[in-house]
1. Within the P(r) computed for chain B, what percentage of the Cα pairs occupies the region above 28 Å?
2. In the protein assembly as shown, carbon and sulfur make up what percent of the accessible area (probe 1.4 Å)?
3. Given chain B, what percent of its DSSP beta bridges are antiparallel, to the nearest 5?
4. Dipole size in debye (nearest 20) for segment B:75-169 around its Cα centre, Lys and Arg Cβ +1, Asp and Glu Cβ -1?
5. Other chains near A:117-125: what is the mean number of their Cβ atoms within 10 Å of each residue's Cβ?
6. Given H placed 1.01 Å from N in the peptide plane, which residues other than close sequence neighbours of residue A:167 have an amide H under 5 Å from its amide H?
7. With respect to the axis carrying B onto A, what is the closest chain B residue by Cβ position, and how many angstrom separate it from the axis?
8. Need one value for B:60-69: mean number of C-beta atoms belonging to other chains within 10 Å of its residues' C-beta atoms.
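The values are calculated or read from the model by the stated rules, or taken from the named source; none is laboratory data. These numbers come from a predicted model, not from an experiment. Don't worry about glycine lacking a Cβ; one is built from the backbone with ideal geometry, like all the others, and counts go over all protein chains shown. Just so you know, the surface numbers come from the protein's heavy atoms only, side chains and all, with ligands and any DNA or RNA stripped out. Shrake-Rupley method; radii C 1.70, N 1.55, O 1.52, S 1.80 Å.
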2 protein chains.
Amino acid sequence: MRFSPLIEQLMEAFRVLPGVGPKTAQRMALHLLEREREGGKRLAASIAQAIDEVGYCQRCRTLTEAPLCALCESPRRDDTLLCVVESPADQLAIEEAGGFSGRYFVLHGHLSPIDGIGPETIGLDLLEQRVAQGEVAEVVLATNPTVEGEATAHYIASQLGDYGVRFSRLAYGVPMGELEYVDGGTLSRAFNGRLPFSSD
Amino acid sequence: MRFSPLIEQLMEAFRVLPGVGPKTAQRMALHLLEREREGGKRLAASIAQAIDEVGYCQRCRTLTEAPLCALCESPRRDDTLLCVVESPADQLAIEEAGGFSGRYFVLHGHLSPIDGIGPETIGLDLLEQRVAQGEVAEVVLATNPTVEGEATAHYIASQLGDYGVRFSRLAYGVPMGELEYVDGGTLSRAFNGRLPFSSD
Ligand SMILES: [Zn+2]
Ligand SMILES: [Zn+2]
């Protein structure tokens, strides 16, 4: 016995979510159908609407349904500091750690020639335009402390080397892996202790 | 900083899924928007369609979009054995354990007067009609080995006491808790060793 075709299709569809295997997908599908049909309808509508309407901020490339995100619109941030992150989740982690008052730029990934992810895919042309405008004095390269993140930081520092901005990188203290899961204290300390960075 | 309103709404909507807290909901929402928009669209459509079309089998009350489920339609099952379970997940667990060749009846819960869940809510009128037709010789009361599951089993045995059917209950050997998570071997053994059951 398996479930009916529509239930099997729903279980399969849940597998698209991170960390969801067959058993969890089954539990999710049956939970919605048995106990949460109203909540399930809201979830379906919410997924469809977000996928349809959420795009990239025209200035920083973070995810938003507006032309500009709230952080880019805010008059209370320091335009001379620009923090480059790999993802909106990293951006949120830094904001929640507190202590950084500048602006952001979101790459949505890192350079990965083997996967066909080059400079334009991660928005480096837009980043260069931003720095070329002259307001930015320091670029904090907060890409992940991984091989790809380091390589991307070096590439950016090299690309923007002619604009007279300072580069910094999060201080050692952040563990290897995904920035998103680092606790706020560690992240905040690493931010305050950030180091000058050169492309060499 | 929080995310944009549509993203926040999506994170909130994911909380309807079992075991999904704020951090997991955030990861799911960002994962779909960053990397899985096509899969996300399929998931939204699949949830909406299943909620819209999946109802109860007219004969056994399991979840299905057809008037009768595949198990009720099957000519290869023994009509004299009827296994009563609390949920489609329990039904699947028993099927996957193997060894039972009869039919099922799905309660979608158990009696719980304090929550207003009475006999009709869990389909006991339909169950009585089924037994009254005279084909069923044994009713296996495979409700969960919990206080509510036991109480529901006793209620059913008492309600159907006049129809001359035998009642049995899964043998001890199943641990306390949710039947759905019991391993197949334990479940299969408990099934084979099922005991007569009376409403006293
Ligand atoms: Zn922005
Ligand atoms: Zn059926």
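1. 39 percent
2. 51 percent
3. Counting DSSP beta bridges with both partners in chain B, the antiparallel share is about 25 percent.
4. In total the dipole reaches around 260 debye.
5. For this peptide, the per-residue mean of nearby foreign Cβ atoms is 0.
6. A:139, A:197
7. B:44, 2
8. 3
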